[in-house]
Amino acid sequence: QVQLVESGGGLVQPGGSLRLSCAASGSIFSIGVMSWYRQAPGKQRELVASITSGGNTNYPDSVKGRFTISRDNAKNTVYLQMNSLKPEDTAVYYCKAIITGRQYWGQGTQVTVSS
């Protein structure tokens, strides 16, 4: 079965940066859209970035200009570069990938923005 493993989370001060990564492994034929979601306590899960197999990206207004999603198809990996981080960005971040018609989720990585 396919597995997504996330890394790169941690504690950062407001205004700082982090880069998250998510690597897919297992039985992979092809990977379509890859996305990042986040969920904070008491809030609904929200999409923060997505990228198609061709490299087209999409962001909600809450992160536009601050977050950048990218992918390395040779490594089956998606990244999320987060700059100018704010306390309200604090959440568990999850990656999702569409692989052979199925949705796969990572286990999540904690991002905490605090002074």
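The values are calculated or read from the model by the stated rules, or taken from the named source; none is laboratory data. Everything quoted here is computed from the prediction, not taken from an experiment. We place every Cβ from the backbone using ideal geometry, glycine too, and count neighbours over all the protein chains shown. The accessibility values were calculated without ligands, DNA or RNA, using every heavy atom of the protein model including side chains. Shrake-Rupley method; radii C 1.70, N 1.55, O 1.52, S 1.80 Å.
One table, with the values for the structure above:
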quantity	calculated
Carbon plus sulfur fraction of accessible area for the chain, probe 1.4 Å, in percent	44 percent
For the chain: Kirkwood Rh in Å [reciprocal of mean 1/r, alpha carbons]	14.1 Å
Rounded accessible area per residue of the chain, 1.4 Å, Å²	54 Å²
FRET efficiency estimate (nearest 0.05) - Cβ-Cβ, LYS43 to ASP72, R0 41 angstrom	0.85
Rough spin-label spacing in nm, given labels placed 7 Å along Cα→Cβ, for THR57 and GLN81	0.7 nm
Rel. contact order, % - alpha carbon contacts under 8 angstrom, at least six apart, region 1-96	34 percent
